[in-house]
Amino acid sequence: MRPALALAALALLGLLLFRAVEIRTDMADFLPPAATPGAAFLLGELRDGAATTLLLVGLEGAEAPELARVSKAMGAALREGGLFAFVGNGTGDLTEGEQALLFRYRYLLSPAEGVFEVAGLRRGLEALLDGLRSSMSGVLSRLGFADPPGVFLDLLKGWLGGSTVTMRDGAWFAGGDGPPRALLVARSRAPGTDMEGQREASEAVRAAFAAAEPRGARLLLSGPGVFAASAAAAVKADVERVSILSGVLLLAFLVWRYRSGAMLLAAGVPLLAGSLAGALAVSLVFGRVQGAALGFGVTMLGVAVDYPILLLTGRRPGEALGAAARRIWPTLRLAAGAAALGLVAMMASGFPGLAQLGLFGAAGLLAGVAVTRWGLPRLLPGEAVAARPLPGPVMRGLGRLRGRRVLAAGLVALAALWLVLAGPPRWEDDIARLSPVPEADRNLDGELRAQLGAPDVRHLVALRGASAEAVLRASERVAGALAPLLAAGRLGGLDLPSRYLPSLAAQAARRAAMPPPEVLAARLEEAGRGLPFRPGAFAPFLAAVEESRALPPLDLAALAEAPLISARLSPLLTGGEGGWRGLGLLSGVGDAGAVRAALEGLGDPGILFVDVKGETEGMIAAATGGALLWCGVGALAVLGLLAAGLGGAGAALRRAAPIAGAVLVVLAVLSAAGERLTPFHLAALLLMAGVGLDYALFLGRAEPDAAEAARSLAAVLTCTVTTLLTFGMLALCATPVLHGIGLTVSVGVAAAFLLALALAPRAEATA
C-alpha cells in the first residue's frame, strides 16, 4: 500500500512540476556549437532559415488536366490555411494589383542592360513579332506594345529560377518527355527546427491533397520540413514500439523473479523520483527542459531500477530492509556517485541538449539512490520480498566463470586485436546518415528540387549590413562577382535578395540611364525600320519609360503591396536587433573554390561564403573532440572518487578494469558492425560505464561466504537482464541514433558483467 501511495504522490508532484516547466522541442539544442563565422551563420539558418522550411510537392499518376485541377485546389487551400508564408504552383501567384505595381516598376527592377539602345530595341521588336505569331500572342498583344524589350516577362522568368518548370493547364509542370508531373512549392511559417510546426505543415499538404478528391493522382511530398516531421514520427514510433515491448518483457521478468506487486511498485519509486529530480534540476539551471533530453534521460535513468534490485535481492535471510540498506550503502553510494560524476562531464560537451541530458541523469541517479537508501526501508518495513531462485545451471555456469581472469584477458585481447587489424569505428561526419528517412525519399527530394529550381542548401552566401540598403548593395556586388561563373557554367543558379528588390542606388542608376523621350523615340524608329508595326503602336512604351524616369524608388514598404515578391524576398532579407542579414542560395556549384575566391576578392567582411557540408563536418569534429576531452576528464574524476572510496589507486584501477575492457569490446563490435560513432554513442558509453560500475563494485567485494557471493551474483545478474531487456530492444530500432545507443549499451553492459564476474574474487577464497 505504501509504495502505491508514494507513486501516486510522486505522480501528482510530476503533474504540478510539468505544468510549471517549459518543455522545449527545438532540436537545435542538439546542434554542435559554432566555432567559425560560417558555422554561426549556418546555425542561425538551421534554426529559422528559409531553405529549411521548404516543402516540395509533386503530383503524378493522372493526366495533365486532372493533375492541374488538383494542384490548383491544393494551392488555394494551402494559401487560405495560414500555415504557409508562400505557396507557388503557377496559378494565382500574381494578383492584378501586384502585376500592375511590378509592371509599372519593371525598368527599375530589371538588371537588363542595353534594352534602350538601338540593337536592344531591335532584338525586342523582332522577338515581339515572332511571339505575336505564336501561342503567346494573347499575352504579348496585351503587354508587348507597352514593353517591347520584354523586360517584364523576363523578370517573371527570372523569379521562377533555373527550374525546368513549364506551364500546362494553368499550373506548373516538370519539363521533359516523361509522364506528367505537376509541381508545387510551399514555405511554412514555422522554423525548420519546430518539429510540431513542420508536422502540421506536412499534414496540411496531405489534407489539401485528400480534399481535392484526386482521381488516380499520387502525392509526392519532400523537403527539410517533411524530413524533420517524418524523422520525429519515426523516432516516436520506434520509442513507442520499444517501450511497449521492453516494458512487457521487463514486467514479465520481474513478476517471475519476485512474485510481488509491492516490489514492482517499489522499484518504480526511485525511477519516478529520479525523473522528477532530473527535470527540476535542468529547469533550474537551464530555465527549460529539452523534450528529447527528457525522453533520453528517463531511459538513462533505467539504471536507477538497479538500486532497489540490488537492495532487495542482496538482503540476507531474516535481515531487516533498513539494515540491508545500511550494509550495502558504502558500495551503493560509491557506484551512484561515480556514475553521476561521469554524466556531469557531458555538461561541458558544448551541446546544450547533451548538457541537459548529463545534468538530468546525474541529478536523477543521486535522487534515485537516496530514495532507495532512505525511502524504500520505510515503504516496505515488514515486506518479505523473496526473489525466485535463478535456474541452477545458469548460476553454476556463471559461478565457474567467477575469478577466471584468463577469460577476461582473452576477451579483451580479442577485441584489441580486431581494433588493431580492422581499425576503430569511424566518426560520423555526415548528419544526413543519422536520418531515419529512406534513401529513396532523399533521392526524390533531389529530383523535385532540381525540377523546381529550389536551393539544394549545400552552399550559401551570408550577407550582413547595418541596413536593408547595405545588404542589398552587398547582394548586387555578389551577383556581379559570380556572373562570370554563371556564364561559364561553373555555377548553376543564384538566388539573392537584390533579384527581387534592387538597392535604392541601383534603381537610381537605372533611372538615370533612361534616355529622354525624344532620344528614345528616335532610337525606336530606327530599330523598327522594315518591321510591320504601325506608327504610334509603341506610344504606351514611350509613356511608360517617361513615367519610370520620375518614379520614386521601390522600397520594402512599397513592396508590401506585392505579396508574391515579398514572400520570396522575406526569407532572403531579414532585420533584427543585430542589424540586417541577407541570404544567397547557390545551386549547381561546380567549383566551390572559384566561388569562394570570387567572393573573398570583394574584400567585404559582411559577405561570407558558407560550405554547409564543410562547416557541418567542422562543427561535428570540433564538438566531438571536446566531448572526448571531457569524457576523459570525467573518467579521471571517477577514478579519483573510486580511489578515495576504496582506499587507494590500485583498488580503483581494479574496479575500473572491467569498464575499460567493456569499452574496448564495444568499439570492436561497433567496428565489426560498420557503425559510425556520434556524440550520442559517447553518451551511451557513459551510461554503460555507470551501469557496469555497479556490477564491478558489487561483484568485486570480498564476500564472507559462498551464499553471500551467490546473492550478489543473482542481484547483479537480475540488473543485467533488466538493462538488456530495455536497451536490447532499442538496438532493434530503425532510427540510427536509437539503434546506436541500444547496441552500444547492450554490448557494453553484457561485456561489463562478464568481465566484472571474471575479475571478481573467487567465492571459495572468501569462504
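The values are calculated or read from the model by the stated rules, or taken from the named source; none is laboratory data. Everything numeric here is computed off the predicted structure, so don't read it as measured data. Here the Cβ is made from the backbone with ideal geometry for all residues, glycine too, and neighbour counts use every protein chain on show.
Residues that are among the β-branched types (Val, Ile, Thr) and closer than 30 Å to Ala233 by Cβ number at least 1 in none of the helices (runs of 4 or more DSSP H) confined to the range 106-199. Residues considered: Ser110, Ser134. Of these, the only one that is polar (S, T, N, Q) and at pLDDT 85 or above is Ser110. If you take the residues in the range 82-105 that are touching a residue at least 60 places away in the same chain (Cβ under 8 Å) and of a type in the set (D, E, K, R), which one is surrounded by the most Cβ atoms within 10 Å (Cβ to Cβ)? Ranking the candidates gives Asp93 first. Residue count for the range 213-228 satisfying the condition of being crowded, with 18+ Cβ neighbours inside 10 Å and over 30 Å from Thr735 (Cα atoms): 2. Output the residue which, of all residues in the range 386-401 that are in contact with a helix residue (DSSP H, G or I) (Cβ under 6 Å, 6 or more places away or on another chain), aliphatic (A, V, I, L, M) and assigned to a loop (DSSP other than H, G, I, E, B), is modelled with the highest pLDDT. So the residue we want is Leu390. Residues in the range 59-81 that are under 15 Å from Arg187 (Cα atoms) and in contact (Cβ under 8 Å) with a residue 24 or more places away in the chain: Met74, Gly75, Ala77, Leu78, Gly81.
Just the residues that are of a type outside the set (A, V, I, L, M, F, W, C) and either modelled with pLDDT under 80 or touching a Cys at 6+ places or on another chain (Cβ under 8 Å) (or both), please, taken from the range 224-258.
Residues of the range 224-258 that are of a type outside the set (A, V, I, L, M, F, W, C), as a first pass: 224-225, 230, 236, 238, 240-241, 243, 246-247, 257-258.
Passing the criteria: Pro224, Gly225, Ser230, Lys236, Asp238, Glu240, Arg241, Ser243, Ser246, Gly247.
So that you can scan it fast, the table gives a plain yes or no per residue for (1) of a type in the set (Asp, Glu); (2) free of Cβ contacts under 8 Å to residues at least 40 places away in the same chain:
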site: Leu109; (1), (2): no, no
site: Leu121; (1), (2): no, no
site: Leu125; (1), (2): no, no
site: Leu129; (1), (2): no, no
site: Ser134; (1), (2): no, yes
site: Asp147; (1), (2): yes, no
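Number of residues in the range 16-56 that are modelled with pLDDT of 85 or more, out of contact with any helix residue (DSSP H, G or I) (no Cβ under 6 Å at 6 or more places or on another chain) and more than 28 Å from Leu294 (Cβ to Cβ): the value is 0.
When each of Leu310, Leu365, Leu357 is tested for being assigned to a helix (DSSP H, G or I), at pLDDT below 90, within 23 Å of Met1 (Cα to Cα) and in the same structural domain as Ala273 (by TED's automatic domain parsing), the lone residue that passes is Leu310. Whenever a residue of the range 506-520 is assigned to a helix (DSSP H, G or I), its partners that are of a type in the set (Ser, Thr, Tyr), lying with C-beta atoms within less than 7 angstrom and at least six residues away or across chains, give the pairs Arg510/Tyr107; Arg511/Ser548.
Please enumerate the residues belonging to the range 248-270 that are over 24 Å from Ala363 (Cα atoms) and without any contact (Cβ under 8 Å) to a residue 24 or more places away in the chain. Write out each step before concluding.
Let us first name the residues in the range 248-270 that are over 24 Å from Ala363 (Cα atoms), namely 248-262.
Matches in the range 248-270: Val248, Leu251, Ala252, Val255, Gly261.
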